[in-house]
Amino acid sequence: MFNIKQNFLVNEEIRFSEVQVIDDNGQKLGKMSTRKAIEIAEEKNMDLVLVSPNANNPVCKMLDYSKFKFEMAKKAKEAKKKQKVIEIKEIRLSPNIDKHDLEVKAKNANKFLEAGNKVKVSMRFRGRELNFVNQGKEIMRDFQGMLENSQVDKEPKVEGKNLTMFLSPKQK
């Protein structure tokens, strides 16, 4: 079952002595005691639901609570469907990568960026390669230059034996 983030107080759960009441047609019935409002709602086969728990002026609405909960769950489910989950894809380079290999990896990174994902570009240095970190940074800048619609989120930075850079799609 789907969880509703906000729980509403219904009928006897409402602890205010007086509430502002709106009927099922949207008409304001004015301020009245909670007990009287619950009785009116029960006569119409409705529930009294606290929609605005403001301490000075609590507002209650008469409606079918089970139908209301269903509609809220439906809206929440639709909102969740429309959310875009951004993933971080990783591209690994080496300090002595060939130009063609770099172009192939740039083509793949472009696909990831077009799909709306972020790209982590990493380069691992082994042994004596650690002396050529500046060349690695140049390779990463060249790589970023090959990508059409990217912007640098995090500049190339050495972390241990790795050099990493984060890219994201350009904002339109």
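Kindly list, by first and then second residue, each pair from a residue in segment 23-42 that is on the phi > 0 side of the Ramachandran plot to a residue that is β-branched (Val, Ile, Thr), limited to pairs with Cβ atoms under 8 Å and residues at least 6 apart or on different chains.
Going by the 8 Å Cβ cut-off, the qualifying pairs are Gly30/Val21.
Given the residues Ala115, Ala109, Ala76, which is the only one that is within 27 Å of Leu163 (Cβ to Cβ), touching a residue at least 24 places away in the same chain (Cβ under 8 Å) and open to solvent by less than 60 Å² (accessible area, probe 1.4 Å)?
After applying the criteria, what remains is Ala109.
Can you give me the number of residues within segment 28-55 that are loosely packed, with under 10 Cβ neighbours inside 10 Å, modelled with pLDDT of 80 or more and assigned to a loop (DSSP other than H, G, I, E, B)?
The number of residues fulfilling the criteria is 1.
Could you tell me which of the residues Lys69, Lys107 is of a type outside the set (A, V, I, L, M, F, W, C), modelled with pLDDT under 85 and either in a helix (DSSP H, G or I) or under 27 Å from the mean Cα position of the chain (by Cα) (or both)?
One residue alone meets the criteria, Lys69.
Would you please name the residue that is least open to solvent (accessible area, probe 1.4 Å), looking only at residues in segment 6-27 that are farther than 17 Å from Lys69 by Cα and among the acidic types (Asp, Glu)?
Asp23
Can you find, within segment 124-172, the residue that is most open to solvent (accessible area, probe 1.4 Å) among those that are part of a helix (DSSP H, G or I) and charged (D, E, K, R)?
Looking at residues that are part of a helix (DSSP H, G or I) and charged (D, E, K, R), I get Arg128.
The values are calculated or read from the model by the stated rules, or taken from the named source; none is laboratory data. As the structure is a prediction and not an experimental result, all values here were calculated from the model. Glycine also receives a Cβ, built like all others from the backbone with ideal geometry; neighbour counts cover every protein chain displayed. To get the accessible areas, we keep the full protein, side chains included, count just its heavy atoms, and leave off ligands, DNA and RNA. Shrake-Rupley method; radii C 1.70, N 1.55, O 1.52, S 1.80 Å.
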